[in-house]
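Written out below as structure tokens is the structure these notes cover.
Every number in this text was worked out from the coordinates using simple rules, so none of it is lab data. As the structure is a prediction and not an experimental result, all values here were calculated from the model.
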Amino acid sequence: MTGRETRYEDTCEIVGVKTGATVTGEIISFHEHDSIVATINRTAKVTLRWNEHAKLYVGSLGGVEFSSKGPKSWTYRTHR
């Protein structure tokens, strides 16, 4: 039996919408095309929700808007 398995990185690039500044966020929780919960510099926790129209995860923290394309993924072929 052959199957496929997708794995995701445990970090993602998070961009400040207004400033364009990019930081690497450590992912706490990830659900594809639903949400990302990540920490920025291990001090601030931000929740990003999937926006179907923009094809991005978006959210805000302290009045600052953030966006992310999500973590990079790899698909492997599995054998049993």
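For the chain, state what percent of all Cα-Cα pairs lands in each successive 10 Å bin, counting from 0 Å until the bin that includes the largest distance.
Spelled out per bin, shortest first, that is 18, 49, 21, 9, 3.
Please identify, among 55, 18, 69, the residue showing maximal mean-square fluctuation in a Gaussian network model of the chain using a 10 angstrom Cα cutoff.
In this elastic network of the chain, the residue with the biggest mean-square fluctuation among 55, 18, 69 is 18.
Using θ = phi - 60° and the Karplus form 6.51 cos²θ - 1.76 cosθ + 1.60, what ³J(HN,Hα) does each residue of the range 67-72 get, whole Hz, x for Gly and Pro?
9, 7, 7, x, x, 5
Of the candidates 43, 11, 19, which one comes out as most mobile in a Gaussian network treatment of the chain with C-alpha springs shorter than 10 Å?
In the Gaussian network model the winner is 43.
So between residue 29 and residue 41, what do we pick up on full extension, going 0.36 nm a residue minus the alpha carbon distance?
2.7 nm
In terms of Cα to Cα distance under 13 Å, which aspartates and glutamates are near enough to residue 69, apart from those fewer than 8 places away along the same chain?
Partners within reach: 9, 13, 32, 34, 52.
Over the C-alpha atoms of the range 1-46, what are the Rg and the largest Cα-to-Cα span, Dmax, in Å?
13.4, 49
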